[in-house]
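J.: Quick one: structure below, then a few questions.
The values are calculated or read from the model by the stated rules, or taken from the named source; none is laboratory data. All values reported here derive from a predicted model rather than from experimental measurement. Because the Cβ atoms are built from the backbone with ideal geometry, glycine has one as well, and the counts that use them run over all protein chains shown.
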Amino acid sequence: MNETQTTSQYSYTIKLIGVLATAAGTRQVSLDSETELSLTDVISSLLARVDNRQFKDLLVDSATNNPLPNVIMLLDEQDCNLFQGLRTKLDSKTVVTIIPVAHGG
C-alpha cells in the first residue's frame, strides 16, 4: 500500500449485553475511524449505526441525554468512570462493553 491510500487508524469493538443486544439485533458492533474517538463519540456513532428508537431509549436517559444512568460502560473490562467517563479518549482496538443496569433476575 502506498502512502496516498488511507485506512482507518482506529478500530473499536462495542459489545452489547442483554436487552441492548436484543434491541440492536446484534451482540457486537465494530466501528472504524481515521481519528481517535472519545467514548461520547463512540456512543454517537453507535446510535447512528443501530438507528433504532428502542435501542436509544434503553441506552440514553431521556431526562439527562446521558447513557450513564442506564448502563455500565467498560473499557477493556474496566469501568469508564475509573478514567474520564464519557470524555475518555479511546486507544485503537479498545473494546467497549455496555451493560444495562436494569435487567430481569
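J.: From the set of residues in region 49-67 that are part of a loop (DSSP other than H, G, I, E, B) and in contact (Cβ under 8 Å) with a residue 24 or more places away in the chain, which is surrounded by the most Cβ atoms within 10 Å (Cβ to Cβ)?
T.: Restricting attention to region 49-67, the residues satisfying the condition of being part of a loop (DSSP other than H, G, I, E, B) are 51-52, 60, 62-65, 67.
Checking the rest, the ones that are also in contact (Cβ under 8 Å) with a residue 24 or more places away in the chain come to 52, 67.
On the way: Asn52: 14, Pro67: 22.
My answer is Pro67.
J.: Among the candidates Thr97, Thr40, Thr13, Thr26, single out the residue that is assigned to a strand (DSSP E or B), modelled with pLDDT of 95 or more and either surrounded by fewer than 16 Cβ atoms within 10 Å (Cβ to Cβ) or aromatic (Phe, Trp, Tyr) (or both). Show your work before the answer.
T.: Numbers: Thr97 fails: either surrounded by fewer than 16 Cβ atoms within 10 Å (Cβ to Cβ) or aromatic (Phe, Trp, Tyr) (or both); Thr40 fails: assigned to a strand (DSSP E or B); Thr26 fails: assigned to a strand (DSSP E or B).
That would be Thr13, the only listed residue that is assigned to a strand (DSSP E or B), modelled with pLDDT of 95 or more and either surrounded by fewer than 16 Cβ atoms within 10 Å (Cβ to Cβ) or aromatic (Phe, Trp, Tyr) (or both).
J.: Among (1) in contact with a His (Cβ under 6 Å, 6 or more places away or on another chain); (2) buried (at least 17 other Cβ atoms within 10 Å of the Cβ), which single condition is Asn70 missing?
T.: Result: Asn70 passes all but (1).
J.: Which members of region 73-105 meet the condition of being closer than 27 Å to Ser8 by Cβ and of a type in the set (Val, Ile, Thr)?
T.: Within region 73-105, Thr88, Thr94, Val95, Val96, Thr97, Ile98, Ile99 qualify.
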